[in-house]
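**Q** Below is one structure. I have some questions about it.
The values are calculated or read from the model by the stated rules, or taken from the named source; none is laboratory data. Computed from a prediction, not measured in an experiment: that's the story for all the values here. Every residue, glycine among them, receives a Cβ derived from its backbone with ideal geometry; neighbour counts consider all protein chains shown.
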Amino acid sequence: MKTVLRLFLLIALLLAALATVALVGALQWFSTQDTVRLIIDGQPVHLHIGQDIGWVPLIAGIALAMLLVFLILPLVVLLALGFSAAAGVLSLAAALSPLLLMGALAWWIFRRNPTPAPPGPAPGQPSAGPVFAPGSTATPTQD
């Protein structure tokens, strides 16, 4: 399981790195085009990656943002779904607890072991006859 998790994490990081390189290339290409304009607060912004921003902080920022979006966000969503499913099961069990208790009581009543029979010879075996204690003065009688 650990190997599969590590493999998926490695693939996710490689895809994030590939997407980061593609996004940086797209930003570089689009920043030189006249048809794409980035306007922030009414002011046009021209991105010249080699001069203004720098490659390393741009790639690190985009990689961190992609890591958050692609890895941490799905884990948080799965955790929230798991908690809500557990809460649903517990609330359903609490709502049905009277029925569950009545069912458990009925099962206990009908599945109880019968009362044990008094000790005696096993069925199908002949009786050993009367048993006399040692030192007894009574004489055995013949049937």
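**Q** Considering only segment 73-108, state which residues are under 30 Å from Ala12 (Cα atoms) and either among the aromatic types (Phe, Trp, Tyr) or not in a helix (DSSP H, G or I) (or both).
**A** Taking segment 73-108 first, the residues under 30 Å from Ala12 (Cα atoms) are 73-86.
Listed by number, the list holds a single entry, Phe83.
**Q** Name every residue in segment 57-110 that is among the aromatic types (Phe, Trp, Tyr) and exposed (fewer than 11 other Cβ atoms within 10 Å of the Cβ), in order of residue number. Don't jump to the end; show me each part of the working.
**A** If we filter segment 57-110 for residues that are among the aromatic types (Phe, Trp, Tyr), which is where we start, we get 70, 83, 107-108, 110.
Residues satisfying the conditions are Phe83, Trp107, Trp108, Phe110.
**Q** Take the conditions at pLDDT below 80, loosely packed, with under 10 Cβ neighbours inside 10 Å, more than 30 Å from Leu9 (Cβ to Cβ) and among the acidic types (Asp, Glu) and apply them to Asp143. Does it pass?
**A** Working: at pLDDT below 80: yes; loosely packed, with under 10 Cβ neighbours inside 10 Å: yes; more than 30 Å from Leu9 (Cβ to Cβ): yes; among the acidic types (Asp, Glu): yes.
Answer is yes for this residue.
**Q** When segment 6-26 is examined, which residues are found to be of a type outside the set (A, V, I, L, M, F, W, C) and either closer than 16 Å to Trp55 by Cα or outside any helix (DSSP H, G or I) (or both)? Can you show your working first?
**A** Let us first name the residues in segment 6-26 that are of a type outside the set (A, V, I, L, M, F, W, C), namely 6, 20, 25.
Within segment 6-26, Thr20, Gly25 qualify.
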